[in-house]
Amino acid sequence: MKKYKKNWTTFDNLDMELFTVTEILKLKSLHYGYWLPEDKLTLENLQRAQIRYTETLLEMIPPDIRTILDVGAGIGDNAWALCHKGYSVTAISPDRNHARYFEKPPFSRLRFISSRLEDFRAADNFDLILMSESNGYFHMDTGFAQSCNLLHPGGYLLVSGMFCRDDGFITKSVNRYYDLDRETDYTVRAKHYDLHLVQRVDITAETLPTLVMAHEIFHDRLTPIFDMMQHYLNTSAGWKWKLLKMFMRKQLRELKTIKQLYDQRLNPDVFLERARYMRLLFQLTPVVK
């Protein structure tokens with residue numbers, strides 16, 4: 001059974017990906033955003049796209065929903081928006097780096113609990129469970145089983161994230177670090193838990209510009225810097241660099257793996273060929289009176 005993915009960008013409890021997004025780019029969200037066709041690839045438009053992502057996601061919530069469990073809540077942008085709309089929200093994440101973003105919640109209706117989904121227990125069930133870009137972090141059976149346990153009969157599961165078109169997204173050499181469920185497998189398996197698909201929206205085109213933008217930054221800026229540093233160390237450090245490479249073989253292999261991972265993960269052509277970004281709304285079969 002697939003377990004939580006290792007975060008290959010965390011070093012000494014510092015999540016480099018989170019640091020880059022929040023501290024360097026000054027973004028208030030971790031998700032891909034929802035772009036308009038006329039949007040140019042700018043940081044300002046990315047910020048607007050991320051706001052639009054949340055707005056369009058909330059539009060899929062059925063009426064008469066009051067309580068929501070936000071699974072893998074990240075840094076809280078979706079949870080805050082839900083509270084602003086009047087929902088009572090419980091947000092969970094196992095990442096200790098996320099907890100500080102909920103230290104001073106803007107709404108009393110928002111509660112954060114540091115927990116993995118499979119370990120989470122609640123005194124009361126929820127009307128809706130939201131998995132925004134978190135469904136890939138645990139086995140689908142775990143997500144469905146816990147949804148059944150935590151939802152009211154007739155409640156909803158709203159999933160927004162990436163799915164495979166075929167048997168894999170990343171090449172086999174790094175696929176163990178980043179694999180996705182096939183959408184057909186996911187929806188068929190959901191039926192075994194009495195979770196039935198009621199709405200399906202493909203937003204691949206609306207999220208793709210973020211990958212295009214990130215891929216350009218990675219190849220045009222970060223990769224040349226990385227290559228320049230390697231060249232400098234090779235030519236100027238001499239035996240010191242050779243000695244360092246000998247003692248840091250493991251760390252350097254991990255850096256190479258991370259570079260390979262992001263080279264594939266951020267490649268928009270690979271993404272279009274092998275994956276899609278979907279929003280799936282399921283309903284748990286209501287109890288017949």
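At 1.4 Å probe size, put TRP80, TRP239, TRP35 in order of accessible surface, largest to smallest. Provide the component values of the computation, followed by the final result.
Working: TRP80 85, TRP239 175, TRP35 5 Å².
Of TRP80, TRP239, TRP35, the descending order of accessible area is TRP239, TRP80, TRP35.
Apply the Karplus parameterisation 6.51 cos²θ - 1.76 cosθ + 1.60, with θ equal to phi minus 60°, to every residue of the range 180-186 and state each ³J(HN,Hα) to the nearest whole Hz, in sequence, with x for glycine and proline.
3J(HN,Hα) across the range 180-186, in whole Hz: 10, 7, 6, 4, 5, 4, 5.
Between GLU216 and LYS40, with labels modelled 7 Å along Cα→Cβ, what's the label distance in nm to one decimal, could you check?
Spacing of the two 7 Å Cα→Cβ label points: 1.0 nm.
State the percentage of accessible surface on the range 27-66 attributable to carbon and sulfur atoms; use a 1.4 Å probe and exclude ligands, DNA and RNA. All intermediate terms of the calculation are to be shown ahead of the outcome.
Numbers: 1220 of 2340 Å².
Of the solvent-accessible surface of the range 27-66, carbon and sulfur hold 52 percent.
How high is the FRET efficiency from ALA122 to ALA99, r the C-beta distance, R0 25 Å, rounded to 0.05? Walk me through the intermediate numbers first.
Numbers: r = 18 Å, r/R0 = 0.73.
Computed FRET efficiency for ALA122 and ALA99 comes out at 0.85.
Would you mind getting the accessible area per residue of the range 33-159, heavy atoms of the protein chains only, 1.4 Å probe, in Å²? Each step should come with its number before you reach the end.
Working: 5820 Å² over 127 residues.
Each residue of the range 33-159 exposes 46 Å² on average to a 1.4 Å probe.
Please give, to one decimal in nm, the separation of the simple spin-label points placed at ASP185 and HIS84, each 7 Å out from Cα toward the Cβ.
3.7
The values are calculated or read from the model by the stated rules, or taken from the named source; none is laboratory data. If you're wondering where the values come from, they're calculated on a predicted model, not measured in any experiment. All Cβ positions, glycine included, derive from the backbone under ideal geometry; neighbour counts span all protein chains shown. The area values use the complete protein model at the heavy-atom level, side chains included, leaving out ligands, DNA and RNA. Shrake-Rupley method; radii C 1.70, N 1.55, O 1.52, S 1.80 Å.
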